[in-house]
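Inspection log for the structure reproduced underneath, given as structure tokens.
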Amino acid sequence: WTVFLNLLVIISISHFKKLHTPTNLIILSLAVSDLLIGLIVMPVDAINLIETCWYFGRTFCGLFVVIIGLLLSVSLGNFVLIAIDRYVA
């Protein structure tokens, strides 16, 4: 559901010219970061919760921590920008 609904938001905002507003571009950025979380972080983390050992190697373990930190920071930054935008509006 995460991937499908965020893909729906991305397609909707990208396709319709009336939706190309600054607020919707921030929402588009949030949808892209959430899509990447749904595609990369959630499946690997689900496997990590189910299995008892890490199958992806030492390099990907360090890279995965960086990816999680980066994507969660981008999502949080988008929330802050949306809050600032709504406060100003």
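The values are calculated or read from the model by the stated rules, or taken from the named source; none is laboratory data. No experiment lies behind these values; they were computed from the predicted model shown. For the accessible areas, the whole protein counts, side chains as well, though only heavy atoms, and no ligand, DNA or RNA atoms are used. Shrake-Rupley method; radii C 1.70, N 1.55, O 1.52, S 1.80 Å.
Which angle from 0 to 90°, rounded to the nearest 10, does the C-alpha axis of helix 22-36 make with the longest principal axis of the chain? Tilt relative to the chain: about 10 degrees. Please report the carbon-and-sulfur percent of the accessible area for the chain; probe 1.4 Å, protein heavy atoms only, DNA, RNA and ligands left out. Heavy-atom surface of the chain belonging to carbon and sulfur, 1.4 Å probe: 75 percent.
With protein chains left intact and a 1.4 Å probe, residues in the chain average 73 Å² of accessible area per residue.
On C-alpha positions alone, give me the angle between the axis of helix 57-88 and the longest principal axis of the chain, in degrees, nearest 10. Result, in degrees: 20. Each principal axis of the Cα atoms in region 12-77 has its own extent, and those three values, largest first, are 49, 19, 16 angstrom.
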